[in-house]
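**Student:** Below is one structure. I have some questions about it.
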Amino acid sequence: GATLFSDASIQDFKDSVPVGGAYVFGAYPLDVDVAAATAAGKTNKWTWYELTVAQYSLYLQDEWKVTDNFRLTYGLRMDVPLYMSSKYIQPDGKTDSPTLPNNDNLTLFDEHGQPVSNGKGKQLDNTKLPSSKPLFSPRVGFNWDVLGDKSVQLRGGSGLFTGRFPFVWLGNHIGNPFSFFYCATASNFKWPQIWRTNIGSDIKAGRSTVFTVDVAFSKDVNAMMVRNYALGTPTGSLNSGIGDTRAVYTANDKGANNAYIFTNTKAGYQFNTSFSVQKSLSNNLFLTAAYNFLVATDASSISAEISSDAFDRNPILNNANEAINSRSLYGNTHRFVLAGFKKFEYGKGKYATTISLFGNWTSGNRFAYVYGGDINKDGTASNDLMYVPKNSEIDKMPFTPLTDVNGVVQNEAAQRTAFKNFIEQDKYLKSRRGTYTEKYAGETPWFSQVDIRILQDFNFTVNKKTNTIQVSLDIVNAGNLISSKWGVRKYASTSGYFQPISYLPSGNYQFDPSLKETFVASPDLPSRWQMQFGLRYIF
């Protein structure tokens with residue numbers, strides 16, 4: 001927790017910091033091994049850190065024209081992460097390397113929950129960055145003009161693809177070299193890789209219509225997941241008095257210091273398919289319609305720049321470090337798109353007006369129902385998936401009275417009734433009575449949006465060349481401009497998790513009776529119309 005000073009001096013703030021605190025710019029204030037930190041001259045200072053990362057890549061490709069209408073492409077890419085240098089920059093401008101040894105004799109566990117002997121040298125060393133081993137990505141692709149006239153084309157490919165990741169995560173590694181709160185990267189950490197296979201076809205019907213279908217499947221090879229190596233395998237069981245008997249951590253299952261480690265996992269895949277039709281009509285009229293279906297899963301949908309936050313925001317049940325393939329936070333399952341534009345030319349080519357419309361109707365964004373509170377004792381108060389009790393079980397749950405926003409004390413009876421009503425109005429929670437919510441199984445309502453663009457061209461000749469001054473008007477979410485009830489999105493959570501009920505350290509619960517509906521209208525920018533003017537000179 002933090003102490004806030006509403007009317008205090010800078011010295012009061014400094015005096016409130018524990019003696020021996022070390023600070024790294026962009027990271028948390030940490031308790032440290034005072035003797036070691038003092039010897040290194042790093043106590044009581046704000047410090048910048050600098051990290052240089054590079055990537056060496058080599059790509060070889062060949063193309064084989066098997067027949068006049070069949071082309072095969074194959075290649076091999078190699079990527080080598082290069083961790084060039086890292087250093088601290090003191091306020092006086094002096095620099096030094098992060099060479100302070102970790103001598104805290106940590107009790108750590110590996111990703112399987114097994115204790116690691118001599119953990120300080122095995123699993124965690126902030127002074128060493130991950131190894132720079134090459135990552136190989138072979139791939140092959142083809143394009144087949146089936147009838148030889150480009151009316152039916154079949155294309156596809158398969159291969160391994162390597163990507164980069166936000167280097168702020170490596171900054172966590174450099175920025176937290178002391179004890180109590182480690183944010184590090186595993187020594188054998190690999191950059192993200194997926195194996196992707198896709199196939200698609202373009203079919204022309206006549207001279208102006210094209211049908212397209214694409215199917216792609218991607219399998220995670222080196223996905224990313226933050227594990228807390230201060231946690232082993234939970235050996236306790238929750239004694240809730242109802243059906244919630246989840247595994248909980250005991251004192252013997254945990255080390256003294258949290259160690260949030262970026263690691264790899266193979267859990268996760270994505271299946272994506274889309275269909276579209278394009279139609280070109282006379283008089284500069286173009287129309288297209290499309291549908292996309294997506295299934296995306298992973299072990300951890302990382303939405304944080306701090307390693308500890310990435311761990312805290314990963315909804316779990318039982319073992320917090322186990323890589324369980326489940327729904328991803330990202331990607332909408334269904335999406336329908338309609339678009340078109342019409343260009344009007346007049347004034348003997350001096351003027352042109354183009355009107356474009358783009359509309360989409362999309363299934364909702366995902367979120368998880370979790371407790372507000374640390375029910376499994378893993379040290380995180382935002383990642384425990386809810387147990388949805390039956391009405392008879394709610395009658396057995398102990399509730400602690402709370403004071404609502406109007407200053408009214410809500411007793412146990414009021415909270416029980418309100419919690420029952422809340423579950424009843426939520427279609428998903430109602431279907432899960434007597435069991436647990438699933439990771440990212442919550443879904444906000446479908447939403448739609450229509451955008452409009454108007455382009456006005458003024459054409460003129462300069463030195464026998466056509467020049468154009470183009471004025472544009474873009475209206476985003478035009479429906480909301482017409483009616484404040486249109487184009488409004490609803491959400492239960494903008495963070496990816498929704499905490500409708502709190503679990504207190506005492507073992508009691510709290511539910512705010514003012515919470516009557518899961519979804520509320522979003523006041524954010526996506527629910528508001530926006531207008532933009534543009535000016536372009538084309539020569």
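**Student:** So the check is Cβ under 9 Å with 6+ separation or different chains; which pairs have a first residue in the stretch 367-388 that's touching a residue at least 12 places away in the same chain (Cβ under 8 Å) and a second one that's open to solvent by less than 10 Å² (accessible area, probe 1.4 Å) and of a type in the set (Lys, Arg)?
**Tutor:** Note: pairs meeting the criteria are Ile375/Arg246; Asn376/Arg246; Asp384/Arg246; Leu385/Arg246; Tyr387/Arg246.
**Student:** Looking for something open to solvent by less than 70 Å² (accessible area, probe 1.4 Å) and in contact with a Ser or Thr (Cβ under 7 Å, 6 or more places away or on another chain) - is there at least one such residue anywhere in the stretch 497-504?
**Tutor:** Yes; the residues of the stretch 497-504 include at least one that is open to solvent by less than 70 Å² (accessible area, probe 1.4 Å) and in contact with a Ser or Thr (Cβ under 7 Å, 6 or more places away or on another chain).
**Student:** Out of the residues in the stretch 426-451 that are part of a strand (DSSP E or B) and hydrophobic (A, V, I, L, M, F, W, C), state the one that is nearest to Asn318 (Cα to Cα).
**Tutor:** Phe447
**Student:** Return the residues of the stretch 153-180 that are of a type in the set (A, V, I, L, M, F, W, C) and touching a Ser or Thr at 6+ places or on another chain (Cβ under 7 Å); say none if nothing qualifies.
**Tutor:** Leu154, Leu160, Phe161, Trp169, Leu170, Ile174, listed by residue number.
**Student:** Output the number of residues of the stretch 483-505 satisfying the condition of being out of contact with any helix residue (DSSP H, G or I) (no Cβ under 7 Å at 6 or more places or on another chain) and within 20 Å of Asn383 (Cβ to Cβ).
**Tutor:** Residues flagged as out of contact with any helix residue (DSSP H, G or I) (no Cβ under 7 Å at 6 or more places or on another chain) and within 20 Å of Asn383 (Cβ to Cβ) within the stretch 483-505 amount to 13.
**Student:** Now a separate question. Hey, could you check the stretch 360-410 for residues that are small (Gly, Ala, Ser) and over 14 Å from Ile501 (Cα atoms) and say which is modelled with the lowest pLDDT?
**Tutor:** Within the stretch 360-410, the match that is modelled with the lowest pLDDT is Gly407.
**Student:** Further question on the same structure: Would you please name the residue that is surrounded by the fewest Cβ atoms within 10 Å (Cβ to Cβ), looking only at residues in the stretch 172-225 that are among the small types (Gly, Ala, Ser) and part of a strand (DSSP E or B)?
**Tutor:** If we take residues in the stretch 172-225 being among the small types (Gly, Ala, Ser) and part of a strand (DSSP E or B), then Ala205 is surrounded by the fewest Cβ atoms within 10 Å (Cβ to Cβ).
Residue by residue, here is whether (1) of a type in the set (D, E, K, R); (2) surrounded by 17 or more Cβ atoms within 10 Å (Cβ to Cβ); (3) more than 21 Å from Ser240 (Cα to Cα) holds:
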{"site": "Phe419", "(1), (2), (3)": "no, yes, no"}
{"site": "Arg432", "(1), (2), (3)": "yes, yes, no"}
{"site": "Glu443", "(1), (2), (3)": "yes, yes, yes"}
{"site": "Ile454", "(1), (2), (3)": "no, no, yes"}
{"site": "Thr461", "(1), (2), (3)": "no, no, yes"}
{"site": "Ser483", "(1), (2), (3)": "no, no, yes"}
{"site": "Ser493", "(1), (2), (3)": "no, yes, yes"}
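**Student:** Checking the condition farther than 23 Å from Ser301 by Cα, surrounded by fewer than 17 Cβ atoms within 10 Å (Cβ to Cβ) and under 32 Å from the mean Cα position of the chain (by Cα), which residue from Lys427, Lys396 passes?
**Tutor:** That would be Lys427, the only listed residue that is farther than 23 Å from Ser301 by Cα, surrounded by fewer than 17 Cβ atoms within 10 Å (Cβ to Cβ) and under 32 Å from the mean Cα position of the chain (by Cα).
**Student:** Taking the stretch 144-158, which residues are under 30 Å from Val53 (Cβ atoms) and either touching a residue at least 60 places away in the same chain (Cβ under 8 Å) or open to solvent by 40 Å² or more (accessible area, probe 1.4 Å) (or both)?
**Tutor:** Gly157
**Student:** Take the stretch 318-368 and flag every residue that is of a type in the set (A, V, I, L, M, F, W, C), touching an Asp or Glu at 6+ places or on another chain (Cβ under 9 Å) and assigned to a loop (DSSP other than H, G, I, E, B).
**Tutor:** Answer for the stretch 318-368, where residues must be of a type in the set (A, V, I, L, M, F, W, C), touching an Asp or Glu at 6+ places or on another chain (Cβ under 9 Å) and assigned to a loop (DSSP other than H, G, I, E, B): Ala320, Ala323, Leu329.
**Student:** Where the second residue is part of a strand (DSSP E or B) and not polar (S, T, N, Q) and the first is at positive phi and lies in the stretch 282-294, which pairs have Cβ atoms under 7 Å and are six or more apart or on separate chains?
**Tutor:** Short answer, once both residue conditions are applied: Asn284/Lys342; Asn284/Lys343.
The values are calculated or read from the model by the stated rules, or taken from the named source; none is laboratory data. If you're wondering where the values come from, they're calculated on a predicted model, not measured in any experiment. All Cβ positions, glycine included, derive from the backbone under ideal geometry; neighbour counts span all protein chains shown. Each accessible area value is taken on the protein alone, full model and side chains, heavy atoms only, with ligands, DNA and RNA left out. Shrake-Rupley method; radii C 1.70, N 1.55, O 1.52, S 1.80 Å.
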